[in-house]
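Trainee: Please find one structure pasted underneath; my questions will follow.
Rule-based calculations on the coordinates, nothing more; no lab input. Values in this document were obtained by computation on a predicted structure and should not be read as measured data. Cβ sites come from the backbone with ideal geometry, for glycine too, and all protein chains shown count toward neighbours.
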Amino acid sequence: MEFNDSPEEAAWRTEVHDFLEKEFPPEFRGRGPRRGPAAAAASEGEGPSEGEGLFRGPNEGDPMKRWRTALTSRGWVAPAWPKEYGGAGLDTKKQFIMNEEFAEFGAMNVGGFGVMMFGPTLIVHGTDDQKKEHLPGILNGSTQWCQGWSEPNAGSDVASVQTRAIRDGDDYVINGQKIWTTGAQFADMMYMLARTDPDAPKHRGISYFMLDMKAPGVTVRPLMTMAGSAVFNEVFFENVRVPARNRLGEENRGWYIGTTTLDFERSSIGSAVGIRKQLEGIIRFSKEHPELSVGSGKHATQIALADRWIEALVARMMSYRVVSMQNAGLIPNHEASMCKLFTSEMGQKIAALGMKLTGMYGTILGGAPQYSAAGRFGTGYIAAVSSTIAGGTSEIQRNIMAQRGLGLPRD
């Protein structure tokens, strides 16, 4: 593992930092984006939300437009994409440095699932016509994508999807339901898995589709979380017609294309840096509002803060391990699961620490600014519940680590 930048990497880091200093909109500065369920507990003021970064398009606010334009001018909307498709073609280490600097600066990228997950899959598996049709809209923000994976009876076991797609001439007719669909209420398109052969083994009878969210028969129903946000949705399909040309890859081979999508994982350096920033926010709050930080003098709270700080450094080392493997041409597997498991559980610990610090003040919503600031710890505590479920449950991550990392038998 190499901790130091080469001269070329150091110059790149400086270039990214200088770009952020010059181009990141002042309206967003000092109020970094929410980087996980517990981040609301540590943020000062309301910065640009994940929804703003992921789902706003041509009608987005002026600051986000300026930010998108600045990124587009350098191909940094999709830094990992090949240049021939409008990306920056950055190697693994430069992507890592860019993500690290963005996280340190509190800056968000744009493009969401289209850039991070679907676009790279389309580049690998799509036809030339499909790439020409869909890649430009991802880059310019005119088309926002959501992911149709989970169903009421197919969450962690995605291969158990029951949404049906039946061929009818030049179309497929889709019926079924998806759930926990992030940003579906904002999305123009969905990349999804549907069962095209109910008699085949469950991994072999699935196809991968690109579905227009405005097509007749699509119904989106937002799901309100305990934290009062509607990030997730239920999506219902009733005789929705999808052109056969919107199938990605071969019929009944969609599961294997879906695994490509899941392979486009990052090192979690943004999460690791975000965790440290959350801790810094807790410390800053306790100094600025000692009258509301009722737990700051308690030994248990102080020990917990020290433990979380050490864990934040561990999370960073895990991220360095993943990027070092990628830079060496290796594919992180259980190592990426370790990063996800560790950082998501840390998010919950930090949220609990915020509540220990503020006590009952953390349950106050609204009122004077200082009480509103304390109340964000309570909001973050509630929101953190989902962090060990979303993106692959902790149980699934532990199974991957046990089976692929330790060579243990399937449970």
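Trainee: Sequence neighbours fewer than 8 away in the same chain don't count; with that in mind, list the lysines whose C-alpha is under 22 Å from LYS287.
Mentor: Cα-Cα hits under 22 Å: LYS277, LYS298, LYS349, LYS356.
Trainee: Let me ask something additional. Against the longest alpha carbon principal axis of the chain, how many degrees, from 0 to 90 and to the nearest 10, is the axis of helix 334-358 turned?
Mentor: Tilt of helix 334-358: around 40 degrees.
Trainee: If a/c stays under 1.5 just call it rounded; otherwise compare a/b with b/c (prolate if a/b is bigger, oblate if not). Do that for region 216-257, with a ≥ b ≥ c from the square roots of the Cα gyration tensor eigenvalues. Spell out each step's value before the answer.
Mentor: Working: a/c = 4.27, a/b = 1.89, b/c = 2.25.
In terms of gyration-tensor shape, oblate.
Trainee: Still on this model: Hey, what does the equivalent ellipsoid look like for region 305-411, semi-axes from the Cα gyration tensor as sqrt of 5 times each eigenvalue, largest first, whole Å?
Mentor: Details: eigenvalues 230, 48, 24 Å².
Largest first, region 305-411 gives 34, 15, 11 Å.
Trainee: Quote the Stokes-Einstein diffusion coefficient, in whole µm² s⁻¹, for region 173-230, based on the Kirkwood radius over alpha carbon pairs, a temperature of 20 °C and a viscosity of 1.002 mPa s.
Mentor: On the way: Rh = 13.2 Å.
So the translational diffusion coefficient is about 162 µm²/s.
Trainee: Per residue of the chain, what 222 nm ellipticity follows from adding -39500 (n - 2.57) for every DSSP H run with n ≥ 4, rounded to the nearest 500?
Mentor: Numbers: 13 runs with 180 residues, N = 411.
The helix contribution divided over the chain gives -14000 deg cm²/dmol.
Trainee: Sequence neighbours fewer than 8 away in the same chain don't count; with that in mind, list the lysines whose C-alpha is under 27 Å from LYS83.
Mentor: Excluding near neighbours in sequence, the set is LYS22, LYS65, LYS93, LYS94, LYS131, LYS132.
Trainee: Show me the ranking of peptides 239-245, 138-144 by mean Cβ neighbours inside 10 Å, starting with the highest.
Mentor: 138-144, 239-245
Trainee: Provide Rg over Rh for the chain; use the alpha carbon set for both Rg and the Kirkwood Rh (inverse mean inverse pair distance).
Mentor: On the way: Rg = 21.8 Å, Rh = 22.5 Å.
Rg/Rh for the chain comes to 0.97.
Trainee: Can you pull the Rg over Rh of region 238-387, Cα-only, Kirkwood? If you can, show how the numbers build up before the last one.
Mentor: Numbers: Rg = 20.8 Å, Rh = 18.0 Å.
The Rg/Rh ratio comes out at 1.16.
Trainee: Please give the direction-averaged projected area of the C-alpha convex hull for region 196-295, in square nanometres with one decimal. Write out the running numbers ahead of the final one.
Mentor: Values: hull surface 44.1 nm².
Dividing the Cα hull surface by four gives the mean projection, 11.0 nm².
Trainee: At a Cα cut-off below 24 Å, give the lysines reachable from LYS178, other chains included and same-chain residues fewer than 8 away excluded.
Mentor: LYS202, LYS214, LYS340
Trainee: In degrees between 0 and 90, to the nearest 10, how far off the longest principal axis of the chain does helix 369-383 point, with axes built from Cα atoms?
Mentor: 40
Trainee: OK, next. To test your reading of the geometry: what angle, between 0 and 90 degrees and rounded to tens, separates the Cα axis of helix 92-105 from the longest principal axis of the chain?
Mentor: 50
Trainee: Just order 298-307, 159-168 by mean Cβ neighbour count inside 10 Å, highest at the front, would you? Kindly include the intermediate steps, with their values, before the conclusion.
Mentor: Details: 298-307: 12.9, 159-168: 17.2.
For the peptides 298-307, 159-168, the packing ranking is 159-168, 298-307.
Trainee: Translational D (Stokes-Einstein, µm²/s) of region 145-253 at 37 °C and 0.692 mPa s when Rh comes from the Kirkwood sum over C-alpha pairs?
Mentor: Values: Rh = 13.8 Å.
Rounded to a whole number, D works out at 237 µm²/s.
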